[in-house]
1. Would you mind stating whether A:VAL131 is buried (at least 22 other Cβ atoms within 10 Å of the Cβ), closer than 20 Å to C:ARG79 by Cα and touching a Phe, Trp or Tyr at 6+ places or on another chain (Cβ under 7 Å)?
2. Identify the single condition in (1) modelled with pLDDT of 95 or more; (2) surrounded by fewer than 21 Cβ atoms within 10 Å (Cβ to Cβ); (3) not in a helix (DSSP H, G or I) that C:PHE262 does not satisfy, given that it satisfies every other one.
3. Within segment C:32-47, which residues are in contact (Cβ under 8 Å) with a residue 40 or more places away in the chain, outside any loop (DSSP other than H, G, I, E, B) and buried (at least 23 other Cβ atoms within 10 Å of the Cβ)?
4. Can you tell me how many residues in segment B:143-162 are crowded, with 22+ Cβ neighbours inside 10 Å, part of a loop (DSSP other than H, G, I, E, B) and within 14 Å of another protein chain (Cβ to nearest Cβ)?
5. For segment B:225-254, give me each residue that is of a type in the set (S, T, N, Q) and closer than 17 Å to B:GLU195 by Cβ.
6. State all residues of segment A:275-300 that are of a type in the set (A, V, I, L, M, F, W, C), within 23 Å of the chain's Cα centre (by Cα) and either more than 16 Å from A:PHE207 (Cβ to Cβ) or modelled with pLDDT under 95 (or both); if no residue qualifies, say none.
7. Would you tally the residues in segment A:21-31 being free of Cβ contacts under 8 Å to residues at least 60 places away in the same chain and either touching a strand residue (DSSP E or B) at 6+ places or on another chain (Cβ under 6 Å) or surrounded by fewer than 19 Cβ atoms within 10 Å (Cβ to Cβ) (or both)?
8. Consider B:VAL60 carefully, then state whether it is within 14 Å of chain D (Cβ to nearest Cβ) and closer than 19 Å to D:ALA107 by Cα.
Number of protein chains: 4
Amino acid sequence: MDLHGVNPILPTPFTDGGELDIASLERLIDFQLAAGVDGVAILGFLGEAHKLAEAERRTVIETVVARAGGAIPVWVGVRALGTAGAIEQARAAQALGATAVFVAPIAPQNDQALYEHFRAVARAVDVPLIVHDYPASFGITLAPELVARLANDGYAPYIKLEDPPVLSKLSRIRELTDGKIGVFGGLGGEYFLEELQRGALGIMTGFAFPEVLVAIYRQFTGGDEAGAARTFDQYMPLIRYEFQPKIGLAFRKHIYQRRGVFDSAHIRPPGMALDEVSREELENLIARVGLRLEPTVHEIR
Amino acid sequence: MDLHGVNPILPTPFTDGGELDIASLERLIDFQLAAGVDGVAILGFLGEAHKLAEAERRTVIETVVARAGGAIPVWVGVRALGTAGAIEQARAAQALGATAVFVAPIAPQNDQALYEHFRAVARAVDVPLIVHDYPASFGITLAPELVARLANDGYAPYIKLEDPPVLSKLSRIRELTDGKIGVFGGLGGEYFLEELQRGALGIMTGFAFPEVLVAIYRQFTGGDEAGAARTFDQYMPLIRYEFQPKIGLAFRKHIYQRRGVFDSAHIRPPGMALDEVSREELENLIARVGLRLEPTVHEIR
Amino acid sequence: MDLHGVNPILPTPFTDGGELDIASLERLIDFQLAAGVDGVAILGFLGEAHKLAEAERRTVIETVVARAGGAIPVWVGVRALGTAGAIEQARAAQALGATAVFVAPIAPQNDQALYEHFRAVARAVDVPLIVHDYPASFGITLAPELVARLANDGYAPYIKLEDPPVLSKLSRIRELTDGKIGVFGGLGGEYFLEELQRGALGIMTGFAFPEVLVAIYRQFTGGDEAGAARTFDQYMPLIRYEFQPKIGLAFRKHIYQRRGVFDSAHIRPPGMALDEVSREELENLIARVGLRLEPTVHEIR
Amino acid sequence: MDLHGVNPILPTPFTDGGELDIASLERLIDFQLAAGVDGVAILGFLGEAHKLAEAERRTVIETVVARAGGAIPVWVGVRALGTAGAIEQARAAQALGATAVFVAPIAPQNDQALYEHFRAVARAVDVPLIVHDYPASFGITLAPELVARLANDGYAPYIKLEDPPVLSKLSRIRELTDGKIGVFGGLGGEYFLEELQRGALGIMTGFAFPEVLVAIYRQFTGGDEAGAARTFDQYMPLIRYEFQPKIGLAFRKHIYQRRGVFDSAHIRPPGMALDEVSREELENLIARVGLRLEPTVHEIR
């Protein structure tokens, strides 16, 4: 399956007691399908993958792959303290039906070691590897030259780019690879329009109104760049607000709960909870940009 | 003079050869006065203060104080490797006519040492001290309890808050100080509306269309909160774009050059230059939100 | 079993091809028993645990527990990206016969979150928990007050202390806990004598001549403090040299290979290999302090 | 004047009230001359240069240059937040009679920007530049290739190397420069013998018994390598102990006070004070290695 378009990175639903909530997870997949997304990504940083046990990660993959039913690609996150653990996770994901794996770097900051890490994981599986370039969470910076070397040697057909200023890096990496690498944006969607204009294949981010991102993508790829910009601008105040560091996950889980998808907005520790003032602020803003906290997918024109 | 409202942090203009450009600096002050700002802040991180020699910093202060002519407060940045150097800078600023000093923390991360640092600088001068809380640039995090202790003990009447998620911290600090501390937002203006709604006194940031921030502030404090929100939302796509890490200074110097204020957009190394694609992208976006790259101050309704 | 004395943290032997080498691992246990150690610690940072797959970690535990045969305690390292993963590892270790688990912190730097992490792991198992305080490798600092709270609440009966200056912290933590917490030194043995003098229970470190540490411990606890100091001083040039950052593991694997314990000195990437000059330097120094690179355990007087 | 041999980096003496203590500083120079050092280095990290005001730094330079009276080289530390400030400091040092300047890097981590920084400072003065490579204090790592480029282009005739494992880096840098760069060790003297064996010109560190370092250097350069090793090994327990992070400065100031050189052991905040247990531990160790806390310079055989 071809990777492109809008691929929401999904939060993992828990019960109020902190247990995996399979029914909510299934509703989340149904919701994404209804929103018209081009794929879903699970077990990333937003998905609290680092807070799950191995058995839980397996359950999440199984549930999502089954529910998606082959209709859309399922990207699975891989993050471990070393290469052997990453290979173990990547192979397990492939065996459970993942369409692709998006892979975090390992410490320390060392170009050659990072090259070998991604190469080893790529070689260990048959599904495509997406390099996850997210220094804010992983503490590791991937030089454009390193990314290009991985892409040009065939180990990194895709990258999810979240190293600000992300637009300059996007253009630089495409230049170094003659456009060979497929780039997905992230960062909450804050630069989605410009990413598309600079040649990105799509986006993989957690904005909890995925239908907005789908509309932007459809307008843009349908040739209506002005319309895409109008949609982008209209929802920008919310995109910006929702993407705040640390508290963003609480916003997203709250939205999915209010939209009838999640039973609980529980976050496993450590994590920042939603206070009352921020909850109201968020809900007022959602109304201000013209969206509603309802189960139905909005029609975005 | 009372501190409040919109206080742009000013970039320092250089000639193409990298020398201080006094004429451009004077035009910048004239421009800010025409834009109706409530104060100006100089020699911050955006002002490349860390790239200036001591004699140059003195010249910048003298120029700005003279040109402002007492019409508005002049905040002067203080950042040194230790307390003695910070006191030296703060006293020099006061002697040259600064209205207030905004002061960076020193390493290492240690609450008691940071308390003593800010206290020592506050005691060494008569002008008010603004704590500058900006972990992204200084690498030091200021706990709300530390800020509250400084405020409650009388050493920090103001804070410029740029530690995301900034809104929760703003409310927390105001709670811990019974609203005693005056809070100014920053972060390019990305949260200006919510900061005002949560009780901020104003903003101190580098957005290069200060008239937009002035309009939001006037609407909000004039009781037209809906109007303030409309203005904020309209310009958000630009506010977001301009505030990108590392490249933001290049955007701002380019805008001031195109608006006829700066002769050159030169940045002293190390610093990220503006590439052609980003320049066009910026200019198109400025047009898209309805602004023009002209010397005149826009009327924002 | 009581934890005390010299508990070498063991490197994990690989074949030249990078596979787990069980025979070498068994010889390593025999060697430690012959050296008279009081326990062994496996799957720590030095043991390259972060470079092992889960199945390999299981094999290492099984091999060591079986070979130690209950003669000495076997400490097992636990390090994961989050609490659920740490609990999973700790329970597996317990099920496989671990005497105790030594547990790394999780990001981010946050006292309350760290308290909850260690508490949750302690509650999940019946074997005692040793807090592993090693900022140089884990990037997290554990405040003495946090350690004391964990100890006083019964969740941390032991700590392995490697946060320099380690001696002041050792005394501070013992003071805050009325000596309730059992402290083990580390850092290659560089402060072993002073640690014992300040009340440490013993040491858990990777110095590849464990008989030297055993001799110091026996002399000290036997009342011959002057003798312990003489032994400590005699071997200090080697202790210092072997403990160099990044290259220390290569020194230790080389020594175990030359002593007939390991078949190969292979290190999994990323890791620093031994160059020729450093190899000679090490071997000359070993001779200079009066040791030999032979299979037999030295008699240290 | 040729740079080589033992060049102690000097702590800056204060009165108990925290003022510069000129008389103690002069005694310190006399003491170093009596100890037979080959040069002195002032205003480094150990010298608390970052805690001094500019006027104080000037006084320190004037005092030391005058007291040294041209008998030995005086190295002066340069550390600023940016290049312009570093040039200002370097020129001031040269004007006041410095023999050489040792220069810290600036943030951020960027090879090209670091190259330009050191080159600009080197070009701004006539005295030789010593690159100060000390990641533990400056947070910046200098790649061997960057150092070699600076040396091969004539901008860095010397380097003070304190990036562990320092010995491998020393050999690598000499290889990349054909031995063109003069290397000085540091790190408290912990690797002084091996540094000399690998071709270092000497050392620049703060060990407060400089006569020991002088003896090692004289023995080594006089052809008595075995004698140098004996001396090195004898004092290693103290060298190791004194060099502990954070508390090392307190040890050194205490020693100079007890040796009759400093009137006070005061450290400006932030800094770690000497507790009673550590003081006794230090003094016992000094006696154990055969040294006395007396004003006279020891004869080291």
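1. Numbers: buried (at least 22 other Cβ atoms within 10 Å of the Cβ): yes; closer than 20 Å to C:ARG79 by Cα: no; touching a Phe, Trp or Tyr at 6+ places or on another chain (Cβ under 7 Å): yes.
Against the criterion (buried (at least 22 other Cβ atoms within 10 Å of the Cβ), closer than 20 Å to C:ARG79 by Cα and touching a Phe, Trp or Tyr at 6+ places or on another chain (Cβ under 7 Å)), A:VAL131 does not qualify.
2. Answer for C:PHE262: the failing condition is (2).
3. Answer for segment C:32-47, where residues must be in contact (Cβ under 8 Å) with a residue 40 or more places away in the chain, outside any loop (DSSP other than H, G, I, E, B) and buried (at least 23 other Cβ atoms within 10 Å of the Cβ): C:GLN32, C:ALA41.
4. 1
5. Here is the first cut: in segment B:225-254, the ones of a type in the set (S, T, N, Q) are B:231, B:234, B:244.
B:THR231, the sole residue that qualifies.
6. Hits for segment A:275-300 are A:VAL297, A:ILE300.
7. Filtering segment A:21-31 down to residues free of Cβ contacts under 8 Å to residues at least 60 places away in the same chain leaves A:22, A:25-26, A:29-30.
Then drop every residue that is not either touching a strand residue (DSSP E or B) at 6+ places or on another chain (Cβ under 6 Å) or surrounded by fewer than 19 Cβ atoms within 10 Å (Cβ to Cβ) (or both), which leaves A:22, A:26, A:30.
Total satisfying the criteria: 3.
8. Working: within 14 Å of chain D (Cβ to nearest Cβ): yes; closer than 19 Å to D:ALA107 by Cα: no.
No: the conditions fail for B:VAL60.
The values are calculated or read from the model by the stated rules, or taken from the named source; none is laboratory data. On a predicted model such as this, the values are computed, not experimentally measured, just so you know. FYI the Cβ positions are ideal-geometry reconstructions off the backbone, even for glycines, and counts take in every protein chain you see.
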